[in-house]
Amino acid sequence: MARMSERAILPQRITVLSGGVGGARFLQGLQRLIQRTTATSQITVIANTGDDIWMHGLKVCPDLDTVMYTLGDGIDTDRGWGRKGETWHAKEELAAYGVQPDWFGLGDRDLATHLVRTQMLDAGYSLTDVTHALCRRWQPGVKLLPMTDDRVETHVVITDPDDGQDKAAHFQEYWIKHQAKVPAKAVVMIGADQAKPTQSVLEAISEADLILLPPSNPVVSVGAILAVPGIRDALLATKAPVAGISGIINGDHVRGMAKQLLEVISVECSAAGVAELYGARSRGGLLDAWLIDSSDSAAVNRISDAGIACQAVPLWMTDPDATADMCQAAIDLAHRNA
Ligand code: GDP
Ligand code: CA
């Protein structure tokens, strides 16, 4: 239902820094808000590519694909990742050859995406161009940008349960093979210090009317995007207000492994802990505004004292309408404090 008050305050150019499943759900809500207010806002998504991995010679970009499939109605909604109607014959055949790694879920339909992507990269196209080309099929309704065209891979230093040795494991190995259950000591964004944000990413930040940080993982999703040199400075410099939504509710991540990874970087796993990690823009950090869940309302004063406008509202993304209400609250809070 369109409400004039909502229509009046939706910014035109909204840029979102996104991970995979949490970011994609958030974007569905933001799209619902735009739809129900009949606004003409345009969304640009800067997606984490630190989760990217080469598998059997193919370039796999889990967070880009989760956003693309979710917004393009191709996602398996039960799993939250991968293609709906998926089959796993190629994975079974690879296992029959005894080829490693065997723990990564490569579905037959999904493989086509990775084949097209890898061929285009081999032909010299940038990941930004390839993503644009893949989105021609999926029509996600957003401009989807990788955070960089350069290779950045998030690794987690773990104690390998097989031999008791410390090693840097690719994030996918930590998360999928070990289910984030092995002791972790550090998070390292390999290649990040040499990576450059693309011109499109920098423009999406500098020309935005509003920047939103969805409840995506603050360490390996938003954290990886911020690790690309230049992105943090661009966020500090933009005229657009920056509003974030806590992915931590009542001291726990809703799904995923944020709790384990916040512990690794010695950040308190709470809505206030993550707000302080991002910091107030007025004090050299990132945030003008921060939404926390109603159950965390006792933290509003602590976060306000850190220089960040804060409000407690329901943050469970149970369906696109609930998420749209959350997005509206974030936009209102950002505008009231711009
Ligand atoms: P990933 O790349 O697939 O791990 O997805 P993201 O990094 O984009 O988002 C994962 C994060 O979303 C998790 O760490 C959770 O904290 C958060 N999350 C998931 N569902 C919800 C929800 O319903 N509400 C809120 N506030 N956060 C959520
Ligand atoms: Ca991810």
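Laid out as a table, the results:
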{"item": "Accessible area (Å², per residue) of segment 1-103, counting only protein heavy atoms and a probe of 1.4 Å", "result": "44 Å²"}
{"item": "Solvent-accessible surface ranking, highest first, for K196, K167 at 1.4 angstrom", "result": "K196, K167"}
{"item": "Accessible-area composition of the chain, carbon plus sulfur, in percent [1.4 Å probe]", "result": "50 percent"}
{"item": "Segment 30-118: radius of gyration over Cα atoms, expressed as a fraction of 2.2 N^0.38 Å", "result": "1.30"}
{"item": "q = 0.11, 0.26 Å⁻¹, segment 166-259: log10 I(q)/I(0) [Debye, one scatterer per Cα]", "result": "-0.41, -1.32"}
{"item": "Helix runs (DSSP H) in the chain reaching 20 Å along axis by Cα, Kyte-Doolittle at least -0.5", "result": "21-36, 320-336"}
{"item": "Burial order of peptide ranges 96-105, 46-55 (average beta-carbon count within 10 Å, highest first)", "result": "46-55, 96-105"}
{"item": "Rounded Å value of the spacing that divides the Cα centres of segment 125-172 and segment 240-294", "result": "22 Å"}
{"item": "Cα-projected label distance for R151 with S297, points at 7 Å along beta-carbon direction, nm", "result": "5.1 nm"}
{"item": "Sequence-separation-based contact order of the chain, relative, with Cα cut under 8 Å and 6+ spacing, percent", "result": "19 percent"}
{"item": "Label-point gap, in nm, between Q119 and Q42 - each point 7 angstrom along Cα→Cβ", "result": "3.0 nm"}
{"item": "Per-residue ³J(HN,Hα) for segment 313-319, Karplus 6.51 cos²θ - 1.76 cosθ + 1.60, θ = phi - 60°, Hz, x for Gly and Pro", "result": "9, x, 10, 7, 8, 6, 7"}
{"item": "Filter on K91/K167; K167/K259; K167/K196; K84/K196 - keep pairs with C-alpha separation over 23 Å", "result": "K91/K167; K167/K196; K84/K196"}
{"item": "Rg over Rh, two decimals, the chain (C-alpha only, Kirkwood Rh)", "result": "0.96"}
{"item": "Sequence-separation-based contact order of segment 270-338, relative, with Cα cut under 8 Å and 6+ spacing, percent", "result": "30 percent"}
{"item": "Structure-based [θ]222 nm, the chain - -39500 (n - 2.57) summed over DSSP H runs of at least 4, per residue, nearest 500", "result": "-10500 deg cm²/dmol"}
{"item": "Å² of accessible area per residue within segment 242-302, as computed with a 1.4 Å probe and no ligands counted", "result": "39 Å²"}
{"item": "Net lengthening on full extension, T77/E203 (0.36 nm per residue, minus Cα-Cα)", "result": "42.1 nm"}
{"item": "Estimated FRET transfer efficiency when R0 is 22 angstrom, pair K185-N250 (beta carbons, to 0.05)", "result": "0.25"}
{"item": "Estimated inter-spin distance, D321 and D233, nm [label 7 Å along Cα→Cβ]", "result": "4.7 nm"}
{"item": "Additional length obtainable on full extension of the chain from I9 to A338, 0.36 nm per residue less Cα span", "result": "117.2 nm"}
{"item": "Considering only the chain, percent of DSSP beta bridges that pair antiparallel, nearest 5", "result": "40 percent"}
{"item": "Ranked packing of 134-141, 310-317, most packed first, by mean Cβ within 10 Å", "result": "310-317, 134-141"}
{"item": "Area of D108 that stays accessible when all protein chains are in place (1.4 Å probe, Å², to 10)", "result": "40 Å²"}
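The values are calculated or read from the model by the stated rules, or taken from the named source; none is laboratory data. Remember, predicted model here, so these are calculated numbers, not experimental data. Cβ sites come from the backbone with ideal geometry, for glycine too, and all protein chains shown count toward neighbours. What goes into the accessible areas is simple: the full protein's heavy atoms, side chains included, and nothing from ligands, DNA or RNA. Shrake-Rupley method; radii C 1.70, N 1.55, O 1.52, S 1.80 Å.
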